[in-house]
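> Below: one structure in structure tokens.
The values are calculated or read from the model by the stated rules, or taken from the named source; none is laboratory data. Remember, predicted model here, so these are calculated numbers, not experimental data. Don't worry about glycine lacking a Cβ; one is built from the backbone with ideal geometry, like all the others, and counts go over all protein chains shown. For accessibility, only protein heavy atoms count, side chains too; no ligands or nucleic acids. Shrake-Rupley method; radii C 1.70, N 1.55, O 1.52, S 1.80 Å.
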Amino acid sequence: MNIVAILLAAGHGTRFGGDKLLHPLPSGEPIGIASARKLITVFEHCIVVVRETDQALQQALRSLNCQVVTQSNPDAGMGDNLALGVAASQNADGWVVALGDMPWIQNDTLKQIRQNVENGVLITAPTFNNQRGHPVGFNQCFGQQLLALQGDSGAKSILKNHDIQLLPVDDAGVLRDVDSKADLI
């Protein structure tokens, strides 16, 4: 099945102080590159949505063989960016939507989410300590709704109106993102 990973990496990193996804993790690898690398180990097709002006990030992602889709609207929200990623992969059987600032998700978690989507689960998301995390998997039946998304709320409108099959995992990375430099410690 053609399950496509979409990495949302077009945010401004305002709380971080800008250029967050190229900032190195303690390992030295940039945050956004580490997030993309996780996805490409599990998914054959990885689309990364980035700001049009983020040339260095685009180049680094292309070197990993990710498909880069650029967002030209600097005021676009997460919903707009997700719709762009889905538009670039409309023939997919489903999507797993991840965030560019979450590099600690384990490969086993990604494989389980992918498998749920392949097995026909409509929407699936991991949980850790009873908290829902990321990434979120969507069946192809949500393609038109995902294409219609706009604004900052991402896919929340879809998630609140449909049942989500929760996947308990032993992976704190599904909750851990980078909002500030303190989150890197």
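The rows are residues; the columns are (1) in contact with an Asp or Glu (Cβ under 9 Å, 6 or more places away or on another chain); (2) under 18 Å from M102 (Cα atoms); (3) of a type in the set (G, A, S); (4) touching a residue at least 40 places away in the same chain (Cβ under 8 Å).
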position: D19; (1), (2), (3), (4): yes, yes, no, no
position: L25; (1), (2), (3), (4): no, yes, no, yes
position: G28; (1), (2), (3), (4): no, yes, yes, no
position: A36; (1), (2), (3), (4): no, yes, yes, yes
position: I47; (1), (2), (3), (4): no, yes, no, yes
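> Do we have V97 as in contact with a Gly (Cβ under 6 Å, 6 or more places away or on another chain), buried (at least 21 other Cβ atoms within 10 Å of the Cβ), under 20 Å from I40 (Cβ atoms) and modelled with pLDDT of 95 or more here? Before the answer, list the steps.
Details: in contact with a Gly (Cβ under 6 Å, 6 or more places away or on another chain): no; buried (at least 21 other Cβ atoms within 10 Å of the Cβ): yes; under 20 Å from I40 (Cβ atoms): yes; modelled with pLDDT of 95 or more: yes.
In short, no.
> For the subset of segment 117-168 comprising residues that are open to solvent by 50 Å² or more (accessible area, probe 1.4 Å), in contact (Cβ under 8 Å) with a residue 24 or more places away in the chain and under 19 Å from D101 (Cβ atoms), which member is farthest from the chain's Cα centre (by Cα)?
Q131
> Output the residue which, of all residues in segment 1-42 that are of a type in the set (S, T, N, Q) and not in a helix (DSSP H, G or I), is most open to solvent (accessible area, probe 1.4 Å). Walk me through how you get there before you give the answer.
Start the filter on segment 1-42 by keeping residues that are of a type in the set (S, T, N, Q), which leaves 2, 14, 27, 35, 41.
From the residues that got through so far, the ones that are not in a helix (DSSP H, G or I) too are 2, 14, 27, 41.
Details: N2: 63, T14: 117, S27: 96, T41: 83 Å².
Looking at the filtered set, the residue picked out is T14.
> Can you find a residue that is of a type outside the set (V, I, T), within 24 Å of D171 (Cβ to Cβ), modelled with pLDDT under 95 and open to solvent by 50 Å² or more (accessible area, probe 1.4 Å) anywhere in segment 77-93?
For segment 77-93, residues of a type outside the set (V, I, T), within 24 Å of D171 (Cβ to Cβ), modelled with pLDDT under 95 and open to solvent by 50 Å² or more (accessible area, probe 1.4 Å): present.
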